[in-house]
Amino acid sequence: MPCAGTREFWPRCFYESSDRIIVDALRLAHGLVWQNLRPTTDAATVSQLRDLVHSPSVRLALERSSDTLPAFALRELARVLSDQSQTHGETIARVRDVLDEPI
């Protein structure tokens, strides 16, 4: 079974439109966080993640979705990103924790 933090973890079967958007957003967030290991700034990564979770399509998908594991994970990701009291590095570490959290 793939680890929760890997892209293979998020199901690849067909979902309702909102569920597909949520799963795609989690995959993109995972890619952004692990891309951060390459030369880029923590601030740029956090900004991209915030843009992702606050995008109209993702917000609408979260409003319409059922209480599924991917929806809970994306809601937690949005909560972590809304905490302005932490440094960008701390935010990225917490995002990784959310994306890598086992079931």
Worksheet item: Got a sec? How would H54, H30, H88 order by Cβ neighbour count within 10 Å, fewest to most?
Response: H54, H88, H30
Worksheet, complete the sentence: Place a point 7 Å from the Cα of A44 in the direction of its beta carbon; the residues of the range 78-100 whose amide N falls under 16 Å from it are 88-89
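Quick note: the coordinates plus some simple rules give every number you see, no bench work behind them. Everything numeric in this text was worked out from a predicted model, so none of it was measured. All Cβ positions, glycine included, derive from the backbone under ideal geometry; neighbour counts span all protein chains shown.
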